[in-house]
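Just so it is clear, none of the values below were taken in a lab; they were calculated from the coordinates. Everything numeric in this text was worked out from a predicted model, so none of it was measured. Don't worry about glycine lacking a Cβ; one is built from the backbone with ideal geometry, like all the others, and counts go over all protein chains shown.
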């Protein structure tokens with residue numbers, strides 16, 4: 001939902017925080033990050049470098065931690081080290097706007113600075129091509145999830161309106177549900193979706209914090225099942241889901257849990273407990289239906305056994321970045337991911353190893369397309385990937401308001417075939 005933006009000295013502390021979404025429980029990374037912020041505020045930049053190093057030990061390769069290290073090195077007057085760290089980010093295809101920040105001014109005198117800025121410019125060249133499959137006029141729609149039926153009908157959910165749409169028409173208008181997040185068709189033809197009352201939605205102040213799963217009959221538009229997640233002392237938000245037989249699996253992006261909902265019994269149980277992950281987003285079953293792949297926005301890709309609930313962090317090459325993933329899908333031996341937590345935003349195909357426990361490589365399917373404005377979720381149909389190109393989540397201000405003049409939802413289709 002949130003993504004990094006160009007930074008100025010007035011918002012350096014926001015960069016230091018780098019929690020794209022709330023983290024459920026403290027860990028070694030958070031401890032190091034807390035020390036980092038304290039060192040920055042005390043202007044103790046040597047201590048800040050040490051804290052940044054510790055944060056990278058706790059979360060290797062994490063883009064926010066790498067940027068914080070580059071910033072600490074620049075403030076500690078080690079321009080060469082700072083540029084080297086920024087180059088690591090560039091090699092991973094990530095930019096935090098350091099070329100526009102005064103804190104990195106000393107780097108501009110280094111021999112490698114011109115090559116670095118040239119690389120940053122190249123990073124923003126469009127990659128891939130996609131066809132517009134649907135465009136609506138409502139700039140205040142804020143789409144999140146998408147589903148496509150057997151006849152090619154497109155279903156979208158609105159965050160602000162709290163309604164479910166088929167094309168441009170309202171299918172279900174807040175029948176006990178709230179903002180519409182991820183959605184998936186069941187084999188029986190019904191459509192399941194995750195919903196939550198969030199501050200960005202109109203008229204739900206009394207329901208904030210409520211979240212659940214809903215099933216809609218797409219013929220009548222009637223909600224045929226409502227399953228609210230029991231309340232908890234901490235924050236919770238069911239943001240995405242996948243359906244297998246009589247079970248719906250869903251991620252709690254604020255609580256850090258993965259839930260199993262038994263349709264027949266009408267009960268929730270946990271696959272991963274609250275706080276097991278930082279901010280789980282997209283999820284998809286493996287080919288055998290025995291494991292879930294779960295994207296932790298701030299922790300990377302995990303494979304979770306449905307047999308015993310054990311989770312394994314996928315191993316990946318140093319040049320590949322699996323952070324900042326929102327939507328996650330499967331195509332043959334690849335995981336298709338929408339990465340809106342790193343900049344530039346992109347759609348990436350991660351190639352799985354034969355045992356499914358490692359990423360062997362990645363290819364960027366789309367990046368910097370003209371219609372991109374925080375892409376969110378999608379769906380695979382055959383050899384094509386359909387996805388929301390412009391959710392506008394990044395456009396909300398501190399009061400959860402949107403500016404005027406935004407484009408309506410744009411749904412893009414791109415080919416997943418290798419070229």
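Annotations for the structure displayed:
- Mean separation of Cα pairs under 8 Å and 6 or more residues apart, divided by the residue count, gives region 131-415 a relative contact order of 15 percent.
- Calculated P(r) of region 90-245 - Cα pairs past 29 Å, %: 41 percent
- Residues 304, 388, sorted so that the one with the fewest Cβ neighbours within 10 Å comes first: 304, 388
- For the chain, diffusion coefficient by Stokes-Einstein and Kirkwood Rh (Cα), 20 °C, 1.002 mPa s, µm²/s: 98 µm²/s
- Extension gain for the segment residue 332 to residue 381, taken as residue separation times 0.36 nm less the Cα-Cα distance, is 16.5 nm to one decimal.
- As a calculated quantity, the FRET efficiency between residue 110 and residue 46 at R0 = 25 Å, using C-beta atoms, amounts to about 0.75.
- Taking every DSSP helix (H) stretch of at least 4 residues in the chain, weighting each as -39,500 (n - 2.57) and dividing the sum by the residue count yields a mean residue ellipticity at 222 nm of -5000 deg cm²/dmol.
- Sites residue 397 and residue 58 - FRET efficiency at Förster radius 25 Å, r taken between beta-carbons, to 0.05: 0.20
- Nearest 10 degrees, 0 to 90: helix 79-91 Cα axis against the chain principal axis: 30 degrees
- For 319, 367, order by how many other beta-carbon atoms lie within 10 Å, fewest first: 319, 367
- Each eigenvalue of the Cα gyration tensor of region 60-106, multiplied by 5 and square-rooted, gives one semi-axis; in descending order these are 16, 11, 9 Å.
- Measuring r between the beta carbons of residue 118 and residue 149 and using R0 = 41 Å, the FRET efficiency lands at 0.30.
- Highest-fluctuation residue, 201, 236, 175 considered, GNM on the chain with Cα pairs under 10 Å: 175
- A straight chain from residue 407 to residue 222 at 0.36 nm per residue would run longer than the Cα-Cα distance by 63.7 nm.
- Take the Cα radius of gyration of region 332-402 and divide it by 2.2 N^0.38 Å, N being the number of residues; the result is 1.29.
- Nearest 10 degrees, 0 to 90: helix 45-58 Cα axis against the chain principal axis: 40 degrees
- Tilt relative to the chain, helix 113-123 - C-alpha long axis, 0 to 90 degrees, to 10: 10 degrees
- Taking the inverse of the mean 1/r over every pair of distinct Cα atoms in region 219-325 gives a Kirkwood hydrodynamic radius of 14.5 Å.
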